[in-house]
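Structure, as structure tokens:
Derivation of every value follows stated rules applied to the coordinates shown; laboratory data play no part. Computed from a predicted structure; not experimentally measured. No Cβ is skipped: glycine too gets one built from the backbone with ideal geometry, and neighbour counts run over all protein chains shown.
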Amino acid sequence: MKFRKHTSAGLLAFLSLVKFGSCTGFQDAFHDASGVAFRSNALIYLSGACGSKVTARAIDLNGDGIADGIDLNGDGIAEVRYILIIEGQLVGLDSNGDGQSDYYMNVGLNDVLKIYMQASGGQEVLLTTDAAGQVNGFDITGDCVANNTIIADIRADTTLPTSSADSPGGAFNGSQTVTLTCSDNVVCNGIAYTIDGSDPSFSGNGNVIVGVSGSIIISEAVTLRWLARDANGNLEASIQSRSFDILGVNVALTPTFSPVLGYYNTPQNIALSSATPGATICYTTSATTPSCTSAGSCAFGATYSAAISVTTAAIIQAIACKAGLSDSPSVSSAYAIDATPPGNAISFAATPGPTQVSLSWANPSDTDLQGIKLVRKTGSYPASHTDGTVVSTALVTSFVDTGLTNGTQYYYTAFAFDAASNFAAGVQVTATPN
């Protein structure tokens, strides 16, 4: 299997470095063994506001032995990325994650490195710190106050990043280039990914795309799994994945199903398709395997011509056929239609406290129960699971709703729901924090 390790677009702008000798300000932070890149984990001393000095560390994000940015607060995560090097003079710094140099760091000074507004030097930029000594921004006017508070914004960020892929996965005749992209309300740090089906991590398992996005070449059957991280270390809520099957140029492409397999609370019409022009799709709904003739027609199973209606439950198995091509792999997709909601939560109770309400209940006995959706309102009870503020959807038996206003009466409805998104009628309680 072949794939391409991502290289940040900004890092492609690297120019060659010269050796700087024994400069104590960065302890050779900008050299590796070859003398042409950054050495990871080296200490860097930077100019701080009001004559102070800030100690930072060069961080290697993707494990290639070359530092990709600077950790300013000692958490092991680079808040600021390196973008480009101008031979023996400056390093471009990206502080907001847009892939562009916002400031430039002089790499040719002893003891303390300096940051400037322009690649040519000029206005010096100083790092500001808070009362605890942590870096919180950049002072560009020399008044010891942060004009750019991006580092404080990064440290205060509790919003989880999200990510996307520009391919839905599936079967293809040739290699695919897949671009993964991270989105965050402040700054993305990178995307960890694997192509062997294992869970990606930023601590050694898999590869890491540095920054907002990067591309991977898929040339054989793999499961691509990935997870985004922002500059404050917040991880994406769950690992994302896509499956790819590279069949070769003389193979019909595997059928796809729409909608995808799963539980539904209304009857579904399942559409089948193959990306191979002129292919015939053969299918069964009887747990048997369809097959093709050498002429590209159906030897066993029905010929697909219109969406397949599923009103209770079905396992649809399909294969794509075309004369002159090898048959696609046979694939299946299972559907279950469930229109029956679960029972209500039992013994729903509320206990008020200072700026909070403690809620408790017992779960119904439905085997397909997925969770209890707690919805809150003021003025009246939530009439449906979309009427009000959702405070929890977990499969638990208690929840503490915090951050409330003392003296305000809050109304809660608990809606049990199942795998098919059927919701119970709901049970209600009210409480006033005190």
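May I ask you to compute the full-extension gain from Ser203 to Thr378, defined as 0.36 nm times their residue separation minus their alpha-carbon distance, rounded to one decimal in nm?
58.5 nm
Using a 7 Å offset from Cα along Cα-Cβ at Thr312, what residues in region 264-305 end up with backbone N under 15 Å from the label point?
Output list for this probe position: 267-268, 285-287.
Please sort 288-297, 196-205 by packing, taking for each peptide the average over its residues of neighbouring beta carbons within 10 angstrom, highest first.
Per-residue mean Cβ counts within 10 Å order the peptides as 288-297, 196-205.
Compute the length gained on full extension between Ser120 and Thr149: take 0.36 nm times their separation in residues and subtract their Cα-Cα distance, giving the result in nm to one decimal.
Difference between extended and current length: 8.1 nm.
Starting from the 7 Å offset along Cα-to-Cβ, what nm value, one decimal, do you get for the label separation of Asp368 and Asn185?
Modelled inter-label distance: 3.5 nm.
At 0.36 nm per residue, and after removing the present C-alpha to C-alpha distance, how many nm does the segment from Gln134 to Phe423 gain when stretched out fully?
Value of the extension gain: 99.3 nm.
Sorted from fewest to most neighbouring beta carbons within 10 Å, what does the list Asp75, Asp230 look like?
Taking fewest neighbouring Cβ atoms as first place, the list is Asp75, Asp230.
Can you give the relative contact order of the chain as a percent, counting alpha carbon pairs under 8 Å and 6+ residues apart?
The normalised contact order for the chain reaches 9 percent.
For the pair Gln409/Ser238, report the inter-label distance in nm, with labels modelled 7 Å from Cα in the Cβ direction.
3.8 nm
I'd like the antiparallel share, as a percent to the nearest 5, of DSSP beta bridges with both residues in the chain.
90 percent
At 7 Å along the Cα-to-beta-carbon direction for both Thr397 and Ala334, put a label point, then send me their distance in nm to one decimal.
Taking the simple label geometry, Thr397 and Ala334 are separated by 2.9 nm.
Taking GluC sites (Glu not before Pro) as exposed when DSSP calls them loop (any state but H, G, I, E, B) and at most 15 other Cβ atoms lie within 10 Å, what is the longest stretch of the chain free of them, the sites themselves excluded?
Formally, the longest exposed-site-free interval is 221-434.
Do me a favour and compute the ellipsoid semi-axes for region 346-431 from its Cα gyration tensor, root of five times each eigenvalue, largest one first, whole Å.
22, 13, 10
Of the labelled options [x] 25, 56, 19, 0; [y] 23, 45, 24, 8, 0; [z] 20, 36, 33, 10, 0, which one gives P(r) over Cα pairs in 20 Å bins from 0, in percent as computed for this structure?
[z]
Could you tell me the calculated FRET efficiency between Ala275 and Thr141, based on Cβ-Cβ distance and R0 = 60 angstrom, to the nearest 0.05?
Given R0 = 60 Å and the Cβ-Cβ separation, E is 0.55.
Can you give the FRET efficiency for Ala302 and Ala156, using 1/(1 + (r/R0)^6), R0 = 56 Å, r = Cβ-Cβ distance, to the nearest 0.05?
0.45
If you take every DSSP beta bridge whose two residues both sit in region 256-337, what share of them, in percent to the nearest 5, is antiparallel?
Roughly 90 percent of the beta bridges in region 256-337 run antiparallel, per DSSP.
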